[in-house]
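Data block below; observations after.
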Amino acid sequence: MAVVTTRQKASWSVANTIVALYALIPVLWILSLSLKDKSTFTDGHFIPRGWTFQNFIDIFQVGGFTRPLLNSIGIAVIATFIAIVIGTFAAYAIARLEFPGKRLMLGASLLIAMFPQVSLVTPMFQVERSIGLFNTWPGLILPYITFTLPLTIYTLSSFLREIPWELEKAAKMDGATPFQAFRQVIVPLAMPGVVTTAILAFIQCWNDFVFAISLTSTTSARTAPAAIAFFTGASQFEDPTGSIAAAAIVITIPIIIFVLIFQRRIVSGLTSGAVKG
Amino acid sequence: MTQATVQSKARLSSGSVAGKAKKPLSDGKRSERKLGWLLCLPAAVVMVVVTIYPIVYSVMLSLQRYDLRFPDKKGFVGFANYATVLTNSFWWRAFAVTMVITVVSVVFELVLGMTLAMVMHRTVIGKGFVRTLALIPYGIVTVAAAYGWQYAWTPNTGYLAQLPLWSGSAPLTHQASSLAIIILAEIWKTTPFMALLLMAGLAIVPEELQKAAAMDGASPWQRFTKVTLPLMKPAILVALLFRVLDAVRVYDNIYVLTNGANGTSSLSITTYHNLISGLNLGIGSTMSVLMFITVALIAFIFIKVFGTAAPGSENTGRR
Amino acid sequence: MRPHNHRGRLRTSLAVGAAAIMASTLVTACGSGSTGTPTINLYNAPQQNLAAMVANCNKAANGKYQIKLNTLPRTADQQREQLVRRLAAGDSGLDILGLDVTWTAELAEAGWIREWTGADRAEAEKGTLAAPLKTAQWDGKLYAAPYNTNVQLLWYRADLLPKPADTWAGLQKQAEQLAAANKPHYVEAQGAQYEGLTVWFNSLVASAGGSVLDSSGTKVSMGQPSVKAMQTLRDFANSKAADPSLTNTQEDPARLQLEGGFAAAEVNWPYVYPAMQANTAVKFKKDFKWAPYPGIDGPGKSPLGGSNFAISKYSAHPAEAFDAALCLRSPANQKIAATKDGLPPTIESVYHDDTPLDATKKAGPDNPSMATAYPMRDAILSALKTAAPRPVTPTYQNVSTVIQAALSPPGSIDPAATETYLHDQVDNALQSKGVLP
């Protein structure tokens, strides 16, 4: 593919445009709804006729969206952090060490990655309400760690396999213990992979809905996606369309930022962890 | 760690892994094992506590009559709950709905995902731009997107419901049109994910093979079906396995779009309704167990029948 | 109007945030304030002027307790789900629960709400209408204080229907005549697959002289009256009177169709009256009238709705909670709920109270009295005498869900077969063998 002809350029531009429309139209629609004036919700226009930021102001000032947003951030960050720490240990062992039970470990985490979350709702609900974890941050952090661990282990172990391990050998030659070698040589090298994995894990936690609605009951632990589902209208009979759209945009912003900054990493993370020939 | 460990590690990383024959373990081997277990321990403990224990607990609950509204009538009932669920038409309808959503959405996602993967992989201009955009549906919170779809299809409010093709009707109140919208929402959200998995497969197809085939006079379509696809088979199977198992547990989109009204309940929605709305822990747990078995069966079929390589299942990893 | 106490919320947030790991601390933080005055948490459906009533009671309590209003989600299903999930978890952060009339049995049987006894019970029963009082009872005991009641009436446009028929079949005939004259002819009813469909069906069964469950609430009754009800439902759905979007119609779309001039009549709750008065675009406002709910062979039995206040078993301050609940349902507060929010009172004397809200001024649009805001009060009172309560059973949620599923869409009901099928389904639901869709 030495020379790119104008013709090629044109046809790829068309393809790119189609992808852009595909990805953006549904998001722009939510944005449009969130900016619509209350009286124009039912006009069905894609582009708002009456513009307002009132919906955004409302969800924070009267809708009580601040607390769920903080819950979402806090819970997702803590769960991601813990999953990365313990996932890194396991990924290192899987990528680097020979030990019986390795296949079992991988098989079990694959199973969990595919596990229907709803199957866990009954027992988790029962267990959490009996030990007082129901409707608390740890009550959500725990399942989030579990469901991000498989992804963390897979993605990280494939990153770790790419690391030039001669350096570790060299460090050990210099008298470092395996743990020192791991901490001082491998960890810095693995950092890009860890960051990528952390983003993927965060997105997964951020997206969760099943646990968020079944293991919480008040705003003390309810996350943003669950809070959106429970918005009330300004009066008994009013549908909170504007609030829902505005809140949906607010929780999409971090994702857009991640995607803009880390596109390359996310793509490499998703393509390396999952598929090997 | 001793000097022996370092030496054994040195041997390991230079590629001379000890044979599989049973030899007395060296100190190094033993401590490597220990370290391996030690490092896996935290992850294993969390996974066992949060999933294995609840699964066992679910199985126990599923053998009891346990309705939170009748705390006095709790008791062991054997497999009666299974009989109740497996003879119930709502359960089987949910099963059928789930299968329809899974099959239709995964087929579309495979075709669209392959196309998108081609664009992302081969486009000569704006590669980063296209990839960035494609990640938006992947990253967006499912519930947020689902509300967008819901309003888009609500008469008066939505731009899609306005289209003259179906004007005057409320698409989200009929089974077929509701299912179509649920499937659309699923496809939109997960096609990029599928495309990324497939792109990884595309990347391993050697460029030289393509060129050689082109020299031999193969058309682009022939090159795709005869060269690219066979080489991509493992990647496609893994992508399918991932997506099928993900689609079987479809919940968020349905919760927002119909909440299971008009015969659109999936297995997850039905299970949730019985557990949380019905407070019937016995029936709810039975459904949980049945869903788990369904998922396990599908995974088993993929791995044993189609020979899908479970990701990461190779012994020593790719090096 | 949602209540919001920014400082209170901030304080709780901080407390909760700091102690996020400590579940026990969290419960305490929700349960009571740190000061000596106990906080009584009221959980209720969204209601515009409830905050004002809460303020009245807080003033009257004079430091004995402080009621904090928490608003539940907007649909009844979501409200119930929130409440039962927290009760199942033994959450002490709930004190007063605003319950839909259909939840009493379920919560009482599960042991989640307290029985009303002694002076509290006497106070809750004093002057309370019989129909709403019954919805607060279970197993011969009182489990809640009736707050507001509700009955559906037939609301119609006198310019189109000078004399509306008192049966569904009669209305269908009148609709045909209107249709032939090219006039708006729909009779709006709640035919979507949701609680409203159960409400409609249950009223039809009662009008046909039957009931869904027997009087003990443990056995299915149904039978011939049910078949008749299903026939009426199906015939109506296939007649000229039915709006084409019947299968999508809930209360508010029905109201909007009539206000928009597309319908000649609707069956609905009395909230449609103040809504109609507030709509400035409607030309036929003076022709908007009400009549008894239609029946099968004569006037029908109205669906009965409403909500009651119950006290959570896990409340840390039950004495104060009972007291606060009684205040919130006092005649004075019921009058505010009726005249401002359109909710029919449960205390009979409120209906006859012609003093405006502000007794020092003359009654008028800004200072409503029962006479100005509630001209249909007599119709409501007489409908309450015969109204059809919904089945009383702890498994009501399941019973109602299977009814909705079996009758949807109403146009394709096969009465005899559907009755047999539904009989079975309801029976299963009663034995908690019922599977929800």
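Only the coordinates and a few stated rules stand behind these numbers; no lab work does. Remember, it's a predicted structure, so these values are computed and weren't measured experimentally. As a convention, Cβ positions derive from the backbone with ideal geometry for all residues, glycine included, and neighbour counts pool all protein chains shown.
Would you grab the residues whose amide H sits under 5 Å from the one on residue C:304? Only those 5+ places off in sequence or on another chain, please, with H modelled 1.01 Å from N.
C:388, C:390
To the nearest 20 debye, what charge dipole does region A:79-202 have about its Cα centre, counting +1 at the Cβ of each Lys and Arg and -1 at the Cβ of each Asp and Glu? Each step should come with its number before you reach the end.
Details: 8 positive and 6 negative charges, 30 e Å.
The dipole magnitude comes to about 140 debye.
So how do A:219, B:286 line up by other beta-carbon neighbours within 10 Å, fewest first?
Details: A:219 23, B:286 30.
Ordered from fewest to most neighbouring Cβ atoms within 10 Å, A:219, B:286 come out as A:219, B:286.
For the charge dipole of region C:210-308, defined by +1 on Lys and Arg C-beta atoms and -1 on Asp and Glu C-beta atoms about the Cα centroid, which residue among C:292, C:250, C:236 has the Cα displaced farthest towards the positive pole?
The one lying farthest along the dipole's positive direction is C:292.
For a test of the definition: using alpha carbon positions, the gyration tensor, and the 1.5 limit on a/c, classify chain B as rounded, prolate or oblate.
oblate
Calculate the dipole size of region B:95-236 relative to its Cα centre from +1 charges on Lys and Arg beta carbons and -1 charges on Asp and Glu beta carbons; express the result in debye to the nearest 20.
On the way: 8 positive and 5 negative charges, 42 e Å.
Value, rounded to 20: 200 debye.
Based on the Kirkwood radius over alpha-carbon pairs, what is the Stokes-Einstein translational diffusion coefficient of chain A at 25 °C with 0.890 mPa s viscosity, in µm²/s?
Details: Rh = 21.7 Å.
Estimated via Stokes-Einstein, D reaches 113 µm²/s.
Distance in nm between label sites at residue C:52 and residue B:208, each 7 Å beyond Cα in the beta-carbon direction?
Distance between the two pseudo-spin positions: 8.5 nm.
To the nearest 0.05, what FRET efficiency results for residue C:431 and residue A:37 with a Förster distance of 45 Å applied to their C-beta separation? Could the numbers behind the result be given before it?
Numbers: r = 52 Å, r/R0 = 1.16.
With a Förster radius of 45 Å, E is 0.30.
Under a plain spin-label model, where a point goes 7 Å from the Cα along Cα-to-Cβ, how far apart in nm are residue B:125 and residue C:367?
Those two pseudo-labels are separated by 7.4 nm.
Work out, in µm²/s and without decimals, the Stokes-Einstein translational diffusion coefficient of region B:26-154 at 4 °C, 1.567 mPa s, Rh from Kirkwood over C-alpha pairs.
61 µm²/s
When the Karplus curve 6.51 cos²θ - 1.76 cosθ + 1.60 is applied with θ = phi - 60°, which whole-Hz ³J(HN,Hα) does each residue of region C:129-140 get, with x for Gly and Pro?
The phi angles translate into 4, 5, 4, x, 4, 4, 5, 9, 9, 8, 6, x Hz.
Quick one: if the Förster radius is 51 Å, what FRET efficiency do residue A:24 and residue C:64 give, using the C-beta to C-beta distance and rounding to 0.05?
Working: r = 58 Å, r/R0 = 1.13.
Taking R0 as 51 Å, the efficiency between residue A:24 and residue C:64 is 0.30.
Neighbouring Cβ atoms within 10 Å as the yardstick, rank C:123, B:207 fewest first.
Values: C:123 18, B:207 8.
Starting with the residue having the fewest Cβ neighbours, the order is B:207, C:123.
Under a GNM of chain C (C-alpha, springs under 10 Å), which listed residue has the highest mean-square fluctuation: C:305, C:127, C:364?
Taking springs between Cα atoms under 10 Å, the residue moving most is C:364.
For the protein assembly as shown, compute the orientation-averaged projected area of the C-alpha convex hull (one quarter of its surface), in nm².
Numbers: hull surface 186.8 nm².
Mean shadow area of the hull around the Cα atoms is 46.7 nm².
Divide by every residue of chain B the summed helix terms, -39500 (n - 2.57) for each DSSP H run of at least 4, and state the resulting mean residue ellipticity at 222 nm, rounded to the nearest 500 deg cm²/dmol. Write out the running numbers ahead of the final one.
On the way: 13 runs with 197 residues, N = 319.
Calculated mean residue ellipticity at 222 nm is -20500 deg cm²/dmol.
For a test of the definition: using alpha carbon positions, the gyration tensor, and the 1.5 limit on a/c, classify region A:89-248 as rounded, prolate or oblate. Intermediate values should be presented prior to the final figure.
Values: a/c = 3.13, a/b = 2.23, b/c = 1.40.
Taking the square roots of the gyration eigenvalues as a ≥ b ≥ c, region A:89-248 is prolate.
Which residue fluctuates most in the GNM of chain A (Cα springs below 10 Å): A:124, A:114, A:191?
Largest GNM mean-square fluctuation: A:114.
Mind running the shape call on region B:129-275? Use the C-alpha gyration tensor, a ≥ b ≥ c as the square roots of the eigenvalues: rounded below 1.5 for a/c, prolate if a/b tops b/c, oblate otherwise.
Values: a/c = 2.70, a/b = 2.01, b/c = 1.34.
Because a/c hits 1.5 or more and a/b exceeds b/c, region B:129-275 counts as prolate.
Which log10 I(q)/I(0) values, to two decimals, does region C:338-431 give at q = 0.18 Å⁻¹ under the Debye formula with one point per Cα?
Taken in order of the listed q values, log10 I(q)/I(0) reads -0.82.
Considering the options C:429, C:318, C:203, tell which one lies farthest towards the positive end of the dipole of chain C, charges being +1 on Lys and Arg and -1 on Asp and Glu at the Cβ, about the Cα centre.
Value computed over the given set: C:318.
Which residue, B:240, B:290, B:163, tops the fluctuation ranking in a GNM of chain B built on C-alpha contacts under 10 Å?
For chain B, modelled as a Gaussian network with Cα springs under 10 Å, the answer is B:163.
Nothing charged except the Cβ atoms of Lys and Arg (+1) and of Asp and Glu (-1): what's the magnitude of the dipole of region C:360-419 about its Cα centre? Round to the nearest 20 debye.
Numbers: 5 positive and 4 negative charges, 90 e Å.
With Lys and Arg at +1 and Asp and Glu at -1, about 420 debye.
Calculated from DSSP H runs of 4 or more alone, at -39500 (n - 2.57) each and per residue, what is the 222 nm mean residue ellipticity of chain A, nearest 500? Numbers along the way, then the final one.
On the way: 12 runs with 198 residues, N = 277.
It comes out at -24000 deg cm²/dmol, rounded to the nearest 500.
Run the simple label-point estimate for residue A:6 and residue A:257 please: 7 Å along Cα→C-beta, distance reported in nm.
With each label point 7 Å from Cα toward Cβ, the separation is 4.3 nm.
Report the extension gain between residue C:215 and residue C:287 in nm, rounded to one decimal, defined as 0.36 nm multiplied by the number of residues separating them, less their alpha carbon distance. Could the numbers behind the result be given before it?
Details: separation 72, 0.36 × 72 = 25.92 nm, distance 4.08 nm.
Here the answer is 21.8 nm.
Rounded to the nearest 0.05, what FRET efficiency is calculated for residue C:117 and residue C:421 with R0 set to 56 Å and r the Cβ-Cβ distance? Before the final figure, lay out each step's value.
Details: r = 43 Å, r/R0 = 0.76.
Efficiency computed from Cβ-Cβ geometry: 0.85.
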